[in-house]
Structures are given as structure tokens and as C-alpha cells.
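**Q** The structure under discussion is supplied below as C-alpha cells; questions concerning it will follow.
Coordinate-derived values only; no laboratory data. Note that the structure is predicted; figures quoted are calculated from it, not measured. Here the Cβ is made from the backbone with ideal geometry for all residues, glycine too, and neighbour counts use every protein chain on show.
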Amino acid sequence: MKIAGFTKQSLIDFPGNISSIVFTQGCNFRCGFCHNPNLVLPEKFETVYSLPTIFDYLNKYKNLLDAVCISGGEPTIHSDLPDFISEIKNMGFKVKLDTNGTNSIMLEYLLSNKLIDFVAMDIKQVLDFDAYNVVVGNCLTNNMFNQILNSIKLIESANIGYQFRTTVVKGFHTHKDIEVLQKRFKTNYKLQQFKPDVYLDSSLELEPLLMD
């Protein structure tokens, strides 16, 4: 596991829990509005944390924390993710996973082995290949898209808490797109507003999509 970011305490990332957040390095998408370019673009990669450093902190403060959130980047591109989560679970923590859904095989393994307690999946656009491909930086393959669709099914049938969410950006999304997504995902769906302070593709002039 390559951990390139670590938030020691959060009250908002895992509803109802005090959590630490680890941010994995690397992603298989290139969303222009991504707010973590240092986790996505190899030329912006920074020093990673050693796993003993992470585990030492969690062990020291395990009586003050309920959970660990694993975000990115995209955590499921790391083949040793299950081992990392197992270590965290053995310490008594709940685990929340943030994912883009492109590795449904990994997701199914984590769910079937009860390694995660909550999953939040980013839905980039309406579930149409061409529309999705534009938003993720034109790097989508048919296999990735099928994995995304399968991940949605897995999450909706899992017996754990979950949330689907979309970061809305003017130029990438329309109000009709959002209406379609809200109708599809209903109560387990959240909109996140784009923040234009830092984002991956600085050549784009991006701004939030104002919602009613």
C-alpha cells in the first residue's frame, strides 16, 4: 500500500464515527476537476507514509477512534488492500472505503469477507459509456465501465451502509444529468459541490454547477 496522505481525526467522513483517513496514492481515472492531483498524477507524487507509522498511530489512539476511512486516489488498484484492511480490522476499527467502482472483483472480495462496514462510491456521470468517459478523462474502457455497473449492484445488495455521490461541475454536468442520477439512486445519493481552488487539469476553467 502506498499511503500519501493521512488525516488523524475526522468527525464527518464516516457518519456517526470518529475516524482517521488514509489516502492512497495512484488512480486509474483522470477527472479534470479532481481536487487531489498529488494523489493522481505521478509527476506530483510526494513522499509516502510508512505503514508502521500509520499502525503505530492507530494503536496509540484506538480508544479515541471508531473507524478508519480509506480514500484516494483509488484504493482498489492496490492488490494488498485486503491485507491492509485486515490489519485495521484486527485492531478493532470499523472500515469505510471510498471507491470509483472500477474494481468490482476487489469490492466483492472485501464485502464477502466482511472487511468493510461502509462504502461510498463516486458516480461520475449518468450511466452511459460515452458521457462517463468524458468526465473521467477519456480513459474509460468497456471492462472498467462494466465493473462500475457491477459495483453498483454489489453495493446495493450488500448488508452494510453505503452512499453514492457525485461531484457536480459546470461544463461536465447539467441539471438534467443530476435529475437522472437522483431518480436512479434516490435516498442513498449525495451531491458534492466542486471547489475550484485546486484541481487536476489547470488548463480548464471550471466552476461549480449551482443547484436549486
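**Q** Quick one: how many residues across the range 77-114 are within 16 Å of the chain's Cα centre (by Cα), assigned to a loop (DSSP other than H, G, I, E, B) and not small (Gly, Ala, Ser)?
**A** Count: 4.
**Q** Across the range 102-132, which residue is surrounded by the fewest Cβ atoms within 10 Å (Cβ to Cβ) among those that are in contact with a strand residue (DSSP E or B) (Cβ under 9 Å, 6 or more places away or on another chain) and free of Cβ contacts under 8 Å to residues at least 40 places away in the same chain?
**A** The residue in question is Leu115.
**Q** Going by what's in this entry, would Asn17 be described as free of Cβ contacts under 8 Å to residues at least 12 places away in the same chain and in a loop (DSSP other than H, G, I, E, B)?
**A** no
**Q** Please tell me if Met144 is aliphatic (A, V, I, L, M) and loosely packed, with under 13 Cβ neighbours inside 10 Å.
**A** On the way: aliphatic (A, V, I, L, M): yes; loosely packed, with under 13 Cβ neighbours inside 10 Å: no.
For Met144, the condition - aliphatic (A, V, I, L, M) and loosely packed, with under 13 Cβ neighbours inside 10 Å - is not met.
**Q** Just to check your reading of the model, which residue among Arg184, Arg165 is of a type in the set (Lys, Arg) and either over 17 Å from the mean Cα position of the chain (by Cα) or more than 23 Å from Ile70 (Cα to Cα) (or both)?
**A** Numbers: Arg165 fails: either over 17 Å from the mean Cα position of the chain (by Cα) or more than 23 Å from Ile70 (Cα to Cα) (or both).
That would be Arg184, the only listed residue that is of a type in the set (Lys, Arg) and either over 17 Å from the mean Cα position of the chain (by Cα) or more than 23 Å from Ile70 (Cα to Cα) (or both).
**Q** Follow-up question, since we're still on this one. When Glu205 is evaluated against the numbered criteria (1) outside any loop (DSSP other than H, G, I, E, B); (2) of a type in the set (Asp, Glu); (3) over 17 Å from Tyr132 (Cβ atoms), which criterion, by number, is the only one it fails?
**A** Answer for Glu205: the failing condition is (1).
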